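> Once you've had a glance at the structure underneath, I'll fire off some questions.
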Amino acid sequence: MAEFSPGTVVDGRYRVLSRLGAGGMADVFLAEDQQLGRQVALKLLHRRFAEDPGFVERFRREAQAAAGLQHPNVVSVYDRGAYDDTYYIAMEYLPGRSLKQLIRQEAPLDPVRAIDITLQILKAARFAHRRGVIHRDLKPHNVIVDDSDQAKVTDFGIARAGASDMTETGSIMGTAQYLSPEQAQGHAVSPASDLYSIAVVLYEMLTGRVPFDADAAVTIALKHVSEAPTAPTFVNPSVPPELEWVVMWALNKNPADRPTDADQFTNALERSREMIVSGQSGQRTASMAALAAVGVGAGAAVAGVGAGGGAPPAAPAEPYGEGDGAAVLAEPGPPPEPERKPSRWPWIALLVALLLAGGGVAAYLLTRPVKKVVPGVTGEQLNTARTTLQNAGFAVSVINVPNSNPVGTVIAQVPQGGTRVNESSTVSLTVSQGPVNVAVPSVEGLSVAQAKRAITRAGLKPGRVVLFSSNQLSAGQVTGTDPPAGQSIPMGTAVTIFESSGKPQIAVPDVTGDTEANARTVLEADHFNVATSTQTSSTVSAGNVISQNPTGGSQATQGSTVALVIATAPPTASVPNVTGQTADAASGTLTAAGFKVNQQTTNVNQQSEDGKVVSQNPGAGTTANKGSTVTITVGKFTPPTTTTTTPTTSTPTTTKPKKTKTTPTPTTTPTTPTTP
């Protein structure tokens, strides 16, 4: 699918980053969800399936069912849709490797580790089964395992939900090496089909190979139906017999002979795990007796173990097909043989056989052992149980196992009470030896996942995880346990794990306005570091705190740094005398001296003062902080106002003039005195 190269945006939302892998049904890409800003695994259906309307409808319906499975051991399905003539599913992206890769690199796995991974797969299957979803293609390729062995099951894309049926006439969906016999025959599947596939995965983890393999898928399918699997111990002798018993029980051909559900399978594995961890793993007979308490099916499983016989171990299997849903087609039968004439010899042989059989039956009837009912003694004390069984004509064998029941209590028996068996048969009793004490391991400094594994390996159970702050350990690391490391406690006891949430957070003291020395004392007393910087201030006294970060009253982690801004006094200078200067000249003089200038005007009546500084504040020669403001008052000449008097004009009255006698006035000519 070359068109889905890095940078391709699928359905306007998912930007392809890289290819993660390819399978038989789909290709998987790492993509970025551009709407939610997260990485997803984008599975794009191959076009040959996208062109099949029936398959597309099933793909849509199964994706919808898988999207409803929200569980810690199930990969989440976020979205589905159509794009470029095909269909896609957007799923949770999990960095890590597939269980198949882990098996190829590290198998055979330690039995306890294999059990732990299988238990997680069973949890996922149980969750799906209770919601009517059967996976149908459980295999190690569909299990993602992180560095802490946390497992998640993916690819419910061909699962069956409700009435959905992925089986078509003449074909079977699934991967041949992990098919259940009923799937290989094209029959209806059930939760027991998934349990068979999980048993195959467990078998492969323990031995490094699958129970059945061949060049052709049809051949593998026929082996699932007709051949008994080789017992794991013939491939890997270090497999504990009680674990082999569980594996072979779940590999029974008939679904009714397997564990009834994921819970019963889980219980059997947990019981087997307890035996391995406690050092009780031993003879196959004794181990089976101890496991008999977990469920029915022992007889079939025992037969299965023996079915391996002494067959030599097969060669290691080649890498299996990585495809999703390899189709297995029904193989045509052999051609009919030519018709032959009847012969008398078969009838003669049949007569001889009947005579021999009759003799054998007669001999059996004469010598057959007497059947007796086994008394039920579970829950009784060993001495009482032994006496009861011996009085009834049975031999008794005993295996002691650690258990929470009182010492000497019979917790299981094989055969079970009420069973009819041959007289003088041996009844195996599993007897409690009481709780065995083990030391709590030291897990300080480990991750929670690592601590849980260490506690489990010690024969104890991981209990609650409680968060506690810690000045020494980072968030996510284990600070200790309850009971503490080294204490001897009964096996199976739950151990509480204390996880660091990081250093404690407290309220930051408010030190604004304090002196630097006092602020340091207060903050360091609460285990904060202090960093300082300075800032000139004319409002805060020099040496005092102007501001802090984080602010007072906010929450911060002890040991973190509080940054303080400390006030420093501004520098001072003598105010220049600018009186009589022009406004521009005065501003230049003051600015050069480090002062700010505020200018205002006033009216003056002297032309010579127009545009000149007539006063300043602070006055000339005054010492002031640089950066402070000097106000200058600039004169603005306004001419004086002139007052004008207006003469009064009267209108003359017309009268008749009187005649008067005019006497001429003599003209006097002044005489200039002569200077002698």
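Bear in mind that the values in this text are calculations on the coordinates, not laboratory data. Remember, it's a predicted structure, so these values are computed and weren't measured experimentally. All Cβ positions, even for glycine, are placed from backbone atoms using ideal geometry, and neighbour counts span all protein chains on display.
> Under a plain spin-label model, where a point goes 7 Å from the Cα along Cα-to-Cβ, how far apart in nm are GLN34 and SER538?
5.5 nm
> So, one more: To make sure I understand, if each residue's beta carbon is the centre and we count other beta carbons within 10 Å, what order do LYS503, LYS452 fall in, fewest to most?
Ranking LYS503, LYS452 by Cβ neighbours within 10 Å, fewest first, gives LYS503, LYS452.
> How large is the charge dipole for region 437-500, taken about the Cα centre, if only the Cβ atoms of Lys, Arg (+1) and Asp, Glu (-1) carry charge, to the nearest 20 debye?
The calculated dipole for region 437-500 is roughly 240 debye.
> Can you give the alpha-carbon Rg of region 505-568 over 2.2 N^0.38 Å, where N counts its residues?
Cα-based Rg divided by the globular estimate yields 1.03.
> On a C-alpha basis, how far is the centre of region 192-229 from the centre of region 581-619 in Å? Whole number, if you could?
Answer, in whole Å: 103.
> Let me make sure I get this right: for region 9-92, a, b and c are the square roots of the gyration tensor eigenvalues over alpha carbons, sorted descending. Under 1.5 in a/c it's rounded, otherwise prolate if a/b > b/c, else oblate. Which is it?
oblate
> Turning to a different aspect of this structure: When only C-alpha pairs under 8 Å and at least 6 residues apart count, what is the relative contact order of region 573-635, in percent?
Computed value for region 573-635: 47 percent relative contact order.
> Where does the charge balance sit around GLY418 when Lys and Arg score +1, Asp and Glu -1, over other residues with C-beta under 14 Å from its C-beta?
+3
> While we're here: Going by how many other beta carbons lie within 10 Å of each one, how would you line up SER238, SER500, SER470, fewest first?
SER238, SER470, SER500
> Under 1.5 on a/c is rounded, so check that first for region 498-646, then, if it is not, pick prolate when a/b is larger than b/c and oblate when it is not; a ≥ b ≥ c are the square roots of the alpha carbon gyration tensor eigenvalues.
It comes out prolate by the Cα gyration axes.
> What is the log10 of I(q)/I(0) for region 573-635, computed with the Debye formula using one identical point scatterer on each Cα and no solvent, at q = 0.22, 0.26 Å⁻¹?
At q = 0.22, 0.26 Å⁻¹ the computed log10 ratios are -0.76, -1.02.
> Now a separate question. Quick one: check the C-alpha center-to-center distance for region 233-264 versus region 108-147, whole angstrom.
Value for the Cα centre distance between the two parts: 15 Å.
> Now for a different question. So between SER608 and ARG97, what do we pick up on full extension, going 0.36 nm a residue minus the alpha carbon distance?
Gain in length upon complete extension: 174.5 nm.
> Could you give the nm distance between label points at ALA620 and VAL225, where each point is 7 Å from its Cα heading toward the beta carbon?
Between ALA620 and VAL225, the simple spin-label model gives 12.0 nm.
> Using a 10 Å cut-off around each Cβ, can you sort GLU227, GLU380 from fewest to most neighbouring Cβ atoms?
So the residues, fewest neighbours to most, are GLU227, GLU380.
> Something else about it: In a Debye calculation with equal point scatterers on the alpha-carbon sites of region 371-432 and no solvent, what is log10 I(q)/I(0) at q = 0.12, 0.21, 0.22, 0.27 Å⁻¹?
With one equal scatterer per Cα and no solvent, log10 I(q)/I(0) is -0.24, -0.70, -0.76, -1.09.
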